[in-house]
Amino acid sequence: MQPIKDRPSGTKAQCIRCGTCCEKGGPSFHIQDRYLIENGTIHTRYLYTIRKGEFVHDNVQGQLKPADSDIIKIKGKSPSWECVFFQKRDKSCSIYDHRPLECRLLKCWDTRDIEAVYEKDRLTRQDILAGIEGLWELIADHEKQCAHDAINRAIQDFHGVLSKQAQDVITGAIQYDSAIRQLVLENGNVAPDMTDFLFGRPLTVTLKSAGYDIQ
Ligand code: SF4
């Protein structure tokens, strides 16, 4: 979905199915969307998680800021952010009748409805996975070892060179993040395209998108 502040403020009063919002990226999920995952309409392989503390573009305030909680989103067709459910040939949505709340509320000519819910009742991984014994403990442990808040504190004074302490925090987190992904894949219980939902995108990727090219 297109950042709200970037949208043209024309006189359009209905959706003309231009597809611009879907081309700019998929929606974030709210509690009201949980049933779509639970009943299998939207498989978690099509989702990824922005973890708490991860820098994210706030579409309402139009600025980059750390996420307050998990933000679960529909993946883009990498390398573009175009929603994986967007069908370019006829500018349609392959899950239109079951599209998430934000897609149903978004009117690019009047953003009041979506602004009213945008930061409310965000769906989290815990809402979906807390009951899955073994998996949830793994995710909670990953969150503890690789917390974005701790990494943000470590790099807040980054000016090209990291202190030894900051380096240890970041290197430890990157190694743990990579090891846990490898572990679940080796055990064969998780498909490769589900790791971005379970553990968020790899730390090396999220740090790079936040402007820190740390190896
Ligand atoms: S789910 Fe459908 S309506 Fe929503 S952004 Fe994707 S293609 Fe567009």
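The values are calculated or read from the model by the stated rules, or taken from the named source; none is laboratory data. The shown structure was predicted, so the numbers you read here are calculated from the model rather than taken from an experiment. Virtual Cβ from ideal backbone geometry, glycine too; neighbours counted across all protein chains shown. These area figures cover heavy atoms from the full protein model, side chains too; ligands, DNA and RNA do not enter into them. Shrake-Rupley method; radii C 1.70, N 1.55, O 1.52, S 1.80 Å.
About the Cα centre, and with charges only on the beta carbon of Lys, Arg (+1) and Asp, Glu (-1), how big is the dipole of the chain? Nearest 20 debye, please.
Using only the charged Cβ atoms, the result is roughly 840 debye.
Please give, to one decimal in nm, the separation of the simple spin-label points placed at Ala140 and His57, each 7 Å out from Cα toward the Cβ.
So the two model labels end up 3.5 nm from each other.
Starting from the residue with the highest accessible area, list Glu143, Glu137, Glu82 in decreasing order, probe 1.4 Å.
Glu137, Glu143, Glu82
Which distance in Å, rounded to a whole number, links the C-alpha centroids of the stretch 135-156 and the stretch 66-95?
So the two Cα centres are separated by 25 Å.
What ³J(HN,Hα) values, in whole Hz, does the Karplus curve 6.51 cos²θ - 1.76 cosθ + 1.60 give for the stretch 37-51 when θ = phi - 60°, with x put for Gly and Pro?
Taking θ as phi minus 60°, the curve returns 7, 5, 8, x, 4, 10, 6, 5, 5, 8, 10, 9, 10, 8, 7 Hz for the stretch 37-51.
Counting only other residues whose beta carbon sits under 12 Å from that of Glu119, what net charge do I get with K and R as +1, D and E as -1?
Around Glu119, the surrounding residues sum to -2.
Can you give the convex hull volume per residue for the Cα atoms of the stretch 4-117, as a whole number of Å³?
Enclosed volume per residue, from the Cα hull, is 115 Å³.
Note down the Stokes-Einstein diffusion coefficient of the stretch 130-209 in µm²/s, whole number, using a Kirkwood radius over alpha carbon pairs, 4 °C, and 1.567 mPa s.
For these conditions, the coefficient is 96 µm²/s.
Return the tail of the calculated pair distribution for the chain, meaning the percent of Cα-Cα pairs more than 21 Å apart.
In whole percent, the long-distance tail amounts to 57.
Can you list the lysines whose alpha carbon is less than 30 Å from that of Lys164, not counting same-chain residues fewer than 8 positions off?
Of all the lysines, those that pass the test against Lys164 - Cα under 30 Å, at least 8 places apart if same chain - are Lys52, Lys65, Lys144, Lys208.
For Glu133, Glu38, what's the largest-to-smallest order of accessible area, 1.4 Å probe?
Glu133, Glu38
For the chain, with a Gaussian network of springs between Cα atoms less than 10 Å apart, report the residue from Lys65, Lys164, Lys120 with the top mean-square fluctuation.
Lys164
Per residue of the stretch 73-87, what does 6.51 cos²θ - 1.76 cosθ + 1.60 with θ = phi - 60° give for ³J(HN,Hα)? Whole Hz please, x for Gly and Pro, Karplus curve as stated.
Taking θ as phi minus 60°, the curve returns 10, 7, 5, x, 7, 2, x, 8, 8, 3, 3, 5, 8, 7, 9 Hz for the stretch 73-87.
Which residue, Cys18, Cys146, Cys93, tops the fluctuation ranking in a GNM of the chain built on C-alpha contacts under 10 Å?
Maximum among the listed residues: Cys18.
Considering the options Gly134, Gln165, Leu123, tell which one lies farthest towards the positive end of the dipole of the stretch 54-171, charges being +1 on Lys and Arg and -1 on Asp and Glu at the Cβ, about the Cα centre.
Among Gly134, Gln165, Leu123, the one farthest towards the positive end of the dipole of the stretch 54-171 is Leu123.
Between Gln182 and Ala13, what length in nm is gained on full extension when 0.36 nm per residue of separation is reduced by their alpha carbon distance?
55.9 nm
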